[in-house]
Amino acid sequence: MEIATLGAGCFWCTEAIYKELRGVESVTSGYSGGDIINPSYKEVSTGSTGHAEVIEIEFDSTIISFTEILEVFFSTHDPTTLNRQGADVGSQYRSAIFYHSETQKEIAEEIVNRLNKDKVFNKPIVTEITAWKNFFRAEEYHQDYYENNRAQGYCQFVIVPKLNKFRKIFRDKLQ
């Protein structure tokens, strides 16, 4: 088993996406990258703690590779907007890869360089690639948010379209 820690805006969206991938054993919403120990959602939401909203993915690398995890990552959010994803604004919504090994760092840098070189996006990628230093599990009501709140407006208008796009592109990788 391997761990990936990724920030792609709101963790509710990314959690819902990665839970559907074959080879992913668990997805946990939380906070990473800041200096406060065990911060609350309210504290992280101020943008002053240094944390990003992230998901921590436990995956079987014999079924899905870290490269494939990042292919999904770069296909399901905008890695060219600094501290913003859609209507969510602030450093807590930054695009970030918190790598757990030198191999993960090299893969992330290689993918970013290739995507920039091939001009896959209209602007340069601003995704932060930083060594993992901490992860704090978010409050319980953030876990499995989409599964538990499918009828909620945010889920219907933000998460469902992302899931539909993801399912179309990555149908061969779904559980």
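Descriptive notes on the structure:
- Relative exposure of 137, 94, 84, judged by other C-beta atoms within 10 Å (fewest first): 137, 84, 94
- ³J(HN,Hα) computed for each position of segment 10-20 - Karplus, 6.51 cos²θ - 1.76 cosθ + 1.60, integer Hz, glycine/proline x: 4, 5, 4, 5, 5, 4, 4, 5, 5, 5, 8
- Each label point was placed 7 Å from the Cα along the Cα-to-Cβ direction; for residue 25 and residue 75 their separation is 2.4 nm.
- Residues whose amide H comes within less than 5 Å of that of residue 95, counting only those at least five positions distant or on another chain, are 83, 84, 128 (H built at 1.01 Å from N in the peptide plane).
- Helix content alone sets the calculated 222 nm mean residue ellipticity of the chain: runs of n ≥ 4 DSSP H residues at -39500 (n - 2.57) each, divided across all residues, give -8500 deg cm²/dmol.
- Alpha-carbon gyration tensor eigenvalues x 5, square-rooted, for the chain, Å: 21, 20, 17
- Local charge for residue 161 was computed over the other residues whose Cβ lies under 13 Å away, with Lys and Arg +1 and Asp and Glu -1, and equals +4.
- Fully extended contour minus Cα-Cα distance, from residue 172 to residue 149, at 0.36 nm per residue: 5.6 nm
- Here the relative contact order of segment 2-173, from alpha carbon pairs under 8 Å that lie six or more residues apart, stands at 31 percent.
- For segment 94-109, backbone phi angles converted through the Karplus equation (6.51, -1.76, 1.60; θ = phi - 60°) give residue-by-residue couplings of 5, 7, 8, 10, 9, 6, 9, 7, 4, 5, 4, 4, 4, 4, 4, 5 Hz, Gly and Pro being listed as x.
- Karplus 3J(HN,Hα) series, Hz, for segment 142-150 with 6.51 cos²θ - 1.76 cosθ + 1.60 (x for Gly, Pro): 7, 6, 6, 4, 4, 4, 8, 9, 3
Rule-based calculations on the coordinates, nothing more; no lab input. Nothing here was measured: the structure is a model prediction, and the numbers come from that model. Don't worry about glycine lacking a Cβ; one is built from the backbone with ideal geometry, like all the others, and counts go over all protein chains shown.
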